[in-house]
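Everything on this sheet refers to the single structure shown next.
The values are calculated or read from the model by the stated rules, or taken from the named source; none is laboratory data. As the structure is a computational prediction, the values presented were derived from the model and not from experiment. Don't worry about glycine lacking a Cβ; one is built from the backbone with ideal geometry, like all the others, and counts go over all protein chains shown. Side chains are part of the model used for accessible areas, which takes the heavy atoms of the whole protein and leaves out ligands, DNA and RNA. Shrake-Rupley method; radii C 1.70, N 1.55, O 1.52, S 1.80 Å.
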Amino acid sequence: MKVVRGLSGAVAAGLVVLACVVVGAAVIGARRGFPGPGAESVGWHIVIAALAIAAQVYSDRKRGRASLVAAALVIGAATILLWTQWWG
């Protein structure tokens, strides 16, 4: 169980970093006049990162099945984000 929570914590942290990179790319693109990620992509990254952090905090505070479900939510949200925004 600790390993799953640790993995989901790393994934949640990665999603926050990725959201910061996408927001930064959008800001730099807007300032320099070249296309960057659109508002929809930026929004999805921010929403999924916030969801992942909330689920990870819940997972860290609970034990048993509830913790596992919350950790799975983090990994599932990351998978959906990567699939739809990066590989889709």
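Overview of results
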| item | result |
| --- | --- |
| Computed helical MRE - 222 nm, the chain, DSSP H runs ≥ 4 contributing -39500 (n - 2.57), nearest 500 | -28500 deg cm²/dmol |
| Check: the stretch 16-88 dipole with +1 on Lys, Arg Cβ and -1 on Asp, Glu Cβ, in debye | 220 |
| Relative contact order %, the chain, counting alpha carbon pairs below 8 Å whose residues are six or more apart | 37 |
| Stretch in the chain that is longest and holds no trypsin sites (Lys or Arg not before Pro) that DSSP places in a loop and that have at most 16 other beta carbons within 10 Å | 1-61 |
| Phi to ³J(HN,Hα) by Karplus 6.51 cos²θ - 1.76 cosθ + 1.60 over the stretch 41-58, Hz, x for Gly, Pro | 5, 4, x, 4, 5, 5, 5, 5, 5, 5, 4, 5, 5, 4, 5, 5, 4, 4 |
| Cα→Cβ-extended label distance, 7 Å offset, between Ala54 and Phe34, nm | 3.6 |
| Ile46 accessible area, assembled protein chains, probe 1.4 Å, Å² | 90 |
| Segment Ala25-Val3, extension gain: residue separation times 0.36 nm, minus the distance between their alpha carbons | 4.6 nm |
| Modelled label reach - Leu82, point 7 Å along Cα→Cβ, the stretch 5-37 residues with backbone N closer than 17 Å | 5-22 |
| Nearest-ten-degree value, helix 65-81 long axis tilted from longest Cα axis of the chain | 20 |
